[in-house]
Amino acid sequence: MIELNRRVMLKEAKGVVKYCGEVEGTTGIWIGVDWDNKERGKHNGSFNGKQYFEALEKDLEFGTDLLDEINEKYASNSKMDEIKIQDSSDAKLFEFVKMDKIYSKQKQIFKLKCIVLSFSKVSHLNLNKLGQLKFNFCTELDLCSTLIGKWTDLINILFAFPALKILNFDCNRIEPLEDCTNKEIQNIDNNLDVFEGITQLSLNECNLTSQTLNKLSRLFVSLEELYLAKNNLDTLNFDEENLKNLRLLDLQGNPFKEFEKLKTLFNLPILQTLNLSSCQLENIYFGDGFFNGFTNLNTLILCDNPINKWESIDQLGRLPSLEKLNLRRTLLFGSRGVESREIVIAKLPKIIYLDKCDISTSLRESAEKLFISRFSLPPICQEHKSTLERLKATYGLSNETEKDGKPPPISQYSGIQTRRLFLSFEEKSTRRSLSLSLPLHKVVGLGARLFGFEPDQLKGVEIQRSDPNFPSELIARTKDNLLRQFDLEDGDTIRFVQF
């Protein structure tokens, strides 16, 4: 009888055995498979109240032994002396030269430091084949998208890798811990030492249940990096004590929706990097009063979330160590002529990188002064009031008003927001009035239309000052920096430089 929750493969499709037995109206034993690709199954496994599945046992592959796969890949006599990239009928043939030394090293499989068996048919390891031998030098093992589906099989594999530090187990469907038998749970408890040495674990797209995830920290007690993207998780309940060494956590693509569901992460003592992209988060709120969470969080990634309230950004200002923030493709928009990027900079005084671009001192000062000038005008936006008060105090403007009670003129804070600049390409030149809120890549697009060059042909953009005391500087054409960052003056030149 086939064991339930075992991983299987039919041609190129992988799945998990959920039923094994007879089907009314048919003969023989049928195997019910829950396919990884949900579009493959014709139904949900039932028909007229009875189980029904399309795969017969003889059609299924139940996987291969890990040692056999390692020998086949690294120690076989066949050599990959040439390879053809089959993207087209006229694909080129690539030849590998002087590979004998590499082949010789790879054949010593028990001395390999990194073993990659991703997308293989590995499902188990027969320890009797190894005898007393172990992979004592291997610190990194890639088992992405294999046929390993039982904790017993994973334990046997890890037992043979005592020095393992990095385990990539993406795109596998390990049986839920809550479905394990008492005997299987006892086996896990008796072999906790095989998990202890692993510091980096990747379980992206493994369909983990919340119950299994919540118990993982009891198994992998030495984790420093944990990747859990796209597991359809909607809540977390980690044991903080067992994750005291965690520095990086990737949770992108899980529908948490509310930051409140992540509160078990707040007190992770040395967490430095957190990826919450595409988690359907609409707002961020750390509660009223003093907040003492995320004390060491340095990098936060919030891309592709429907965050639409500026108060959420104010909340991020409560994180004492936050310096790097990625907010691409959120629903935060600028207003009153101030770009959303500039508002974020003004609200978060400790940020030094935003959307992978550094924030210079001049860019910060420009954004902050522009924020003061635009949002000091009535009506005062409540969502920006606290930021406005802080910035006015910073620049010594708290009590500075005109005699009639109105705020000072905009020019007193920010100066002119456009510059008359020369745009130059080869021997051609033209003068244009450009807004300082334009990002550099849009200026490149303007130059391409004016002068007829292809942006991809540019080496970069050169800023030439009208003041001869200032040297020219060459900047990558893809930079998102706003013109305001470069302290441009009327008469300066932006030259488009080809390779």
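Of the residues making up segment 111-158, those that are on the phi < 0 side of the Ramachandran plot and of a type in the set (G, A, S) number 4. Of the residues making up segment 166-194, those that are buried (at least 18 other Cβ atoms within 10 Å of the Cβ) and not acidic (D, E) are L167, N168, F169, C171, N172, R173, I174, L177, C180, I188, V194.
Put simply, of L67, L164 the only residue that is at pLDDT 95 or above and not in a loop (DSSP other than H, G, I, E, B) is L67. Close contacts from segment 366-384, counting a first residue that is closer than 13 Å to S437 by Cβ and a second that is in a helix (DSSP H, G or I) and of a type in the set (K, R), with Cβ to Cβ under 9 Å and a gap of 6+ residues or different chains, come to S366/R484; A367/R341; A367/R484; L370/R484; F371/K347. L331 fulfils the conditions (1) at pLDDT 90 or above; (2) within 26 Å of P439 (Cα to Cα); (3) more than 24 Å from the chain's Cα centre (by Cα) except for a single criterion, (3).
The values are calculated or read from the model by the stated rules, or taken from the named source; none is laboratory data. For clarity, every value in this text was computed on a predicted model and none was experimentally measured. Because the Cβ atoms are built from the backbone with ideal geometry, glycine has one as well, and the counts that use them run over all protein chains shown.
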